[in-house]
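> Could you have a look at this structure, given as structure tokens, before my questions?
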């Protein structure tokens with residue numbers, strides 16, 4: 001289990017300033033944490049470098065639909 005106590009969370013610059021956002025933290029060894037900004041003390045997901053890179057590539061290629 002990854003320790004998220006010292007994680008530095010941030011939102012996208014495109015965030016509207018509301019609390020309805022996803023926050024991301026870059027952790028050691030290329031691991032990335034993701035959490036719901038409305039519930040910062042709630043659960044967070046962690047992804048390995050390959051998983052995160054695949055997600056970012058898919059976003060850039062617009063492979064997700066609303």
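The values are calculated or read from the model by the stated rules, or taken from the named source; none is laboratory data. Quick caveat: nothing in here was measured; it's all calculated off a predicted structure. Virtual Cβ from ideal backbone geometry, glycine too; neighbours counted across all protein chains shown.
> Which is in a loop (DSSP other than H, G, I, E, B), within 14 Å of the chain's Cα centre (by Cα) and surrounded by 11 or more Cβ atoms within 10 Å (Cβ to Cβ), of 7, 25?
Answer to the selection: 7.
> Ok, one more. When only residues in the stretch 31-66 that are in contact with a helix residue (DSSP H, G or I) (Cβ under 9 Å, 6 or more places away or on another chain) and in a loop (DSSP other than H, G, I, E, B) count, which is modelled with the lowest pLDDT?
By that ranking, first place goes to 64.
> Let me confirm something: among 44, 50, 58, which residue is free of Cβ contacts under 8 Å to residues at least 24 places away in the same chain and surrounded by 10 or more Cβ atoms within 10 Å (Cβ to Cβ)?
Sole residue among the options that is free of Cβ contacts under 8 Å to residues at least 24 places away in the same chain and surrounded by 10 or more Cβ atoms within 10 Å (Cβ to Cβ): 58.
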